[in-house]
Amino acid sequence: MKRWLIFWLFLGLSEVGLGVVLKVESLPSYTPLNDSIYAVGDFNAWNPADPNYRLQQVGNDYFVEIQSSSFNYKFTRGSWASVEGNANGGFQPDRTYTTADGDTVSITIESWEDLHTGSGGGGTRSPNVSILDEDFFIPQLNRNRRIWLYLPDTYNSSTDHYRVIYMHDGQNLFDVATSFSGEWEVDETMDQLIANGDEGAIIVGIDNGGANRINELAPWFNAQYSGGGEGAEYINFIANTLKPHIDANYRTLSDRENTWLFGSSLGGLISMYGLLEKSDVFSRAGVFSPAYWFNPEIYNKAAAFSKTENMKVYHLAGLLEAGNVDQKAMEMETELTQAGFTAEELELKVVANGEHSEWFWRQEFEEAYLWLKTELPTSVQSQPSESELIIYPNPVSDSFVVQGSKEQNLAFELVDALGRVQHSGFMNLLEPIRVSTLPAGVYWLKVSNEVKPIPFLKK
């Protein structure tokens, strides 16, 4: 009787205050009995331990009232480290309430992120993955961050040294229990590659900074989104703090040719920036679905780049991604080509059903890794050789010419991102090929005597 009386009081309070009662009816079975549960949201500036929003237990249920008719929210056990998770123990997007006042909302909390990972309740990380440090200090930003470490399973049974790949958004790389919407399965992919004879790599995963993610992964401030501008400090952290620590404590191939950057979206943007900014430290970058639109200044940086070392860049884009990511990637490859990158140093893959999502990046990681690990050319080529074809201009408007070959009457095909031949014929050196009727997009020129198709952007 007492339980129902208290429940009635909560409902009565809701009616008087025109608030909303959040009623948590189900918790994970492993929830510590003595832990308090808090509602956190835009109604309290996202304070994860606000005593004013601590849930009151009534029998097996928990209640809290929110004096608002529209808000975003979630639950914690007193800190962001102990925030609620999804059914797999991973990232739970913000809950949203928008309806009439006076409601009671029944809620199930599926998991707690800090208790789910590694507890046997859904964590998927390989035994070769460990947490290097839960609170690795970033002196350049005066913050702490969780750092993940993947060591090949041959590491402890050999004296080999390994290349090192620094990857962003560490939450999404190894374990579904910490991922936003599925993991990359980098550890499973590397385990299989090593089992098939690959020498492997040490992979360092750097958690994103949550609310600071945009600031850290965007080199320049974006006024429209009020974020970005800390990318230089973040890259300096990797190059000047994290890398020296890894090199001092693990058997690494510490030279630039064996030190990579890899990421997606803003992680792709910062990887491209880091490669250009610290070309004395990094030689290769995996750039998946890059958010170049957020910081278009990256194109100017590429245009001003003085290339003195061999480098490799692997771009990936999906046609189902918003914002013409494939065209933005092609524009970057054009700038890099003009900066002295050769065709062998650049790769652009466009996938018809590719989306801005972890499942897409997961399925493409192996191919990108295998391409990036191939040996670099032995010397820098600032000008194309006679056997290397160059499209000019690129991007293309109405027509283009092909430079770099003395052969005449070459058979060619123009292929779109879906692999469809849009135009074919024969060409001679410096005779224009007209493409005014082609829609805007990324295309490839295939020439009979060339092994690698040449990408170009039709404006």
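The values are calculated or read from the model by the stated rules, or taken from the named source; none is laboratory data. As the structure is a prediction and not an experimental result, all values here were calculated from the model. Note: ideal-geometry Cβ built from the backbone for every residue, glycine included; neighbour counts use all protein chains shown. Heavy atoms of the whole protein, side chains included, go into the accessibility calculation; ligands, DNA and RNA do not. Shrake-Rupley method; radii C 1.70, N 1.55, O 1.52, S 1.80 Å.
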Taking Cα centroids, how far is segment 340-376 from segment 173-224 in Å? 15
Rg from C-alpha atoms of segment 184-323, normalised by the globular rule of thumb 2.2 N^0.38 Å, equals 1.08
Whole-percent carbon and sulfur contribution to the accessible surface of the chain (1.4 Å, no ligands, DNA or RNA) stands at 48
Nitroxide proxy distance, nm - points 7 Å out along Cα→Cβ at residue 70 and residue 303: 4.2
Apply the Debye scattering formula to the chain, with a single equal point scatterer on each alpha-carbon and no solvent, then give log10 I(q)/I(0) at q = 0.08, 0.14 Å⁻¹. -0.57, -1.28
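Length gain on complete extension for the stretch residue 459 to residue 154, per 0.36 nm per residue less the alpha carbon to alpha carbon distance?
104.9 nm
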Excluding ligands and nucleic acids, what accessible area in Å² is computed for residue 73 using a 1.4 Å probe, to the nearest 10? 10
Take 58, 421 and sort them by solvent-accessible surface of the protein heavy atoms, 1.4 Å probe, largest at the top. 421, 58
Rounded FRET efficiency, nearest 0.05, which uses the C-beta distance separating residue 428 from residue 251 and R0 of 60 Å: 0.65
In deg cm²/dmol and to the nearest 500, what is the mean residue ellipticity at 222 nm of the chain if only DSSP H runs of at least 4 residues count, each as -39500 (n - 2.57), divided by the residue total? -6000 deg cm²/dmol
Between residue 401 and residue 42, what is the label-to-label distance in nm when each label sits 7 Å out along the Cα-to-Cβ direction? 5.6
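Among DSSP beta bridges whose residues both lie in the chain, state the antiparallel percentage, nearest 5.
Values: 54 of 86 bridges.
The answer is about 65 percent antiparallel.
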For residue 80, the accessible surface traced by a 1.4 Å probe with all protein chains present amounts, in square angstrom to the nearest 10, to 120
Segment 234-370: relative contact order in percent, alpha carbon pairs under 8 Å with at least 6 residues between: 20
Rounded accessible area of residue 356 (nearest 10 Å², 1.4 Å probe): 90
Assuming R0 = 41 Å, what is the FRET efficiency of residue 392 and residue 226, from their Cβ-Cβ distance, to the nearest 0.05? 0.55
So, R0 is 35 Å and r is the distance between the beta-carbons of residue 409 and residue 338; what FRET efficiency does that work out to, to 0.05? 0.80
Can you tell which of 104, 371, 24 lies farthest toward the positive end of the dipole of the chain, using +1 and -1 charges on the Cβ of basic and acidic side chains (Lys, Arg; Asp, Glu)? 104
Return a whole-number percent for the relative contact order of the chain, with Cα pairs under 8 Å and 6 or more residues apart as the contact set. 9
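Given a 1.4 Å probe, how much area per residue of segment 135-230 is accessible, in Å²?
About 38 Å² of surface per residue is accessible.
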